1. Using 1/(1 + (r/R0)^6) with R0 = 30 angstrom and r between the beta carbons of A316 and K453, what's the FRET efficiency to the nearest 0.05?
2. Quick one: helix 3-25 against the long Cα principal axis of the chain, what's the angle to the nearest 10°, folded into 0 to 90?
3. Give the residue from H278, G566, H505 lying farthest towards the positive end of the charge dipole for the chain; charges sit on Cβ (+1 for Lys and Arg, -1 for Asp and Glu) and the dipole is referred to the Cα centre.
4. If one takes the longest principal axis of the Cα atoms in the chain, at what angle in degrees, from 0 to 90 and to the nearest 10, does the Cα axis of helix 315-325 lie?
5. Nearest 10 degrees is fine. How inclined is helix 383-393 to the longest principal axis of the chain, computing both from alpha carbons?
6. Measure up K205/K407; K163/K601; K74/K99; K453/K614; K163/K644; K601/K649 against 22 Å on the Cα-Cα distance and list the ones that go over.
7. Quick one: if the Förster radius is 60 Å, what FRET efficiency do D464 and S54 give, using the C-beta to C-beta distance and rounding to 0.05?
8. How large is Rg/Rh for segment 385-497, to two decimals, with Cα atoms and a Kirkwood Rh?
Amino acid sequence: MEPHAVGVLALVVIIVLFVLLKFKGSGGGASAGGKGGKGSSTKTVVDVEAESDSKPVVRILYGTQTGTAERFSKALGAELRRKYGESTTVDVLDVENYKKPEARLPKERLVLFLVATYGDGEPTDNAADFYTWITSEAEAVENGEKEAYMQDVTYGVFGLGNKQYEHFNAVGKRFEKCMDVLGASSVVRRGDGDDDDCIDDDFEKWQAELLEALEGASHLVGAASAEGAAVAEAPEYAAEILSGPVAKSALAAPFRSGTGASAASPFLATIAEVRELHTAASDRSCIHAEIDISGAKGLSYTTGDHVGVYAENAPAVVAEAAELLGLPLDTVFRLTTPAGASGLAEPFAGPIALRDALACFADLLSSPHKENLAALAGAAADADEKARLLHLAGAAGKADFSEYVTKQHRSLLEVMRDFPSAKPGLGLFFGSVAPRLQPRFYSISSSSTAHPKSVHVTCSVVRDVMPTGRVHDGVCSSWLAAAKRGAAVPVFIRHSHFRLPEDDHAPIIMVGPGTGLAPFRGFLQERQALIDDAAELGPSLLFFGCRNRAHDFLYEAELRAFEESGALGKLHVAFSREGAAKDYVQHHLRREGARVWELLKRPSTCLYVCGDAKAMAKDVHRALIEVVAEHGGMSGTQAEAWVKDFTDKGRYMRDVW
């Protein structure tokens, strides 16, 4: 080879290496979003060791169950990037993907936690491991087993919860306590978002306080950008509409079958049976669905677990959405994420038909959030409609947004119908206008021993009339009720703390009105299997409630059979609509107070409550304290302390929603 050729080749190699390194470095931090399955989060993991020390890093870690904490985290990340520009690195990350926290967290300059509380004061699925780790670290410091070691870390916490629940924002409060114990300093007061009111307002207030606090904290963030007043455009995918036989032949299934072990990897199961549980005399509906998981390798559940179900929007809803977008249902398209884009979930697989995308991935019936309206405004051709949408999305339109959207429970489709000139492209619509459709969770109503390859669901079919006059059919419950045998359904298992005692002789007390009966049906099937195997069981009580024995006595024949076999010791049923006065499970708990106390004071007894958290669970809790006080010979204060100790020992478990 000639010398000049060698020199040219070397130069080419150097240029290629430079381009590759440049491209690799342009990725920056991880942006939270979807991966593989529906509604899941990007599994990108950023190595803190590889980050540059030349500018400060703000780490935003979120723990979410329904997507709200993720939405707020992305909005906060966008606002910090807008304000500080290139002077500060802002990394928004699913806390599940924050690997090796013991090495990373002590090195953070500023870390912000946006964490939801789920169920009975529990962390969300994606935050469970981190929660376990940080609480154990804090306990080690409190017990004198190690020294506090996060004195160089500054943090902030915004908790998401609902004040109707007894353990309001328990996870956010726990994160704050743990960080304090570990020696970290807070940059702003803890925010408590209340989903029973307007959680968006709570977040906006906390975010404003955080931004104000950061203005005087030059050691935590870089210099504010001169262009900080610019409003960031709504993130959108690049959308390519395809045509011809190639597009048709390349159509992807809406979702691919995974392991079923997590929301990011649902297993494509099949419907084995759906039947109505109410009688013809009832004006409501509750269905029993059996889901066949026999084809899933290694997928199993334990009695008391939950199943997550990805459902589809009804065909009429899908058709209306396509009409509002001005596109045929059989439009085939593909989404990709533009280079350098942030705040976008990983796009769902394509090419895909618009019919499938709207059915499986777009939340069309929930009320839109302010950022959805702002994104929709960007597509409005009519100046008045654009101005109105921007007003509703802005701070000045807070009262109008509350009146128009929140109080009316107005759906995204209704809003789009009211602003007909706003026809977003597919990239904007799926990127910023329509949130990703989230899975619905159900307590599994079968025993893993009796039905290892089948998951049973007991589901009330939702049908409500909204203030606007719209008849709202629950997305998942209506879809399940209409599902035919053999229909595909993506599902995954979420493990629960709701477990039968390991000691078969331990007494159990179960309280579950309506579909709160679901996990107890699984418990009783489990106990029946033990009896069939000649085991001796401890005593059991079940307090069940429904409206009318002739209308909605769920699984009556099964429950009576369990009583006859001994799997269930005694069934107490409250019929709330049969008499002049309402009769609920808590009333029966009080009436049977002597027997209940006799069992509660045994050292191995477990009490379980399943169902509505806002009213029933609170009423049952008060009744429990009264039973302990009356039959245990205690004052009210002593009874409350006894119940708390009973709970702390893991013997009082609640599966509430």
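Every number here is computed from the coordinates shown, using simple stated rules; none is lab data. The shown structure was predicted, so the numbers you read here are calculated from the model rather than taken from an experiment. Positions of Cβ are backbone-derived with ideal geometry, glycine not excepted, and every protein chain shown enters the neighbour counts.
1. 0.30
2. Roughly 40 degrees between the two axes.
3. Projecting each Cα onto the dipole axis, the largest value belongs to H278.
4. Helix 315-325 sits at roughly 20 degrees to that axis.
5. Orientation of helix 383-393: about 60 degrees from the principal axis.
6. Too far apart for the 22 Å limit: K163/K601; K453/K614.
7. According to the calculation, E is roughly 0.65.
8. Working: Rg = 19.3 Å, Rh = 17.7 Å.
Here Rg/Rh amounts to 1.09.
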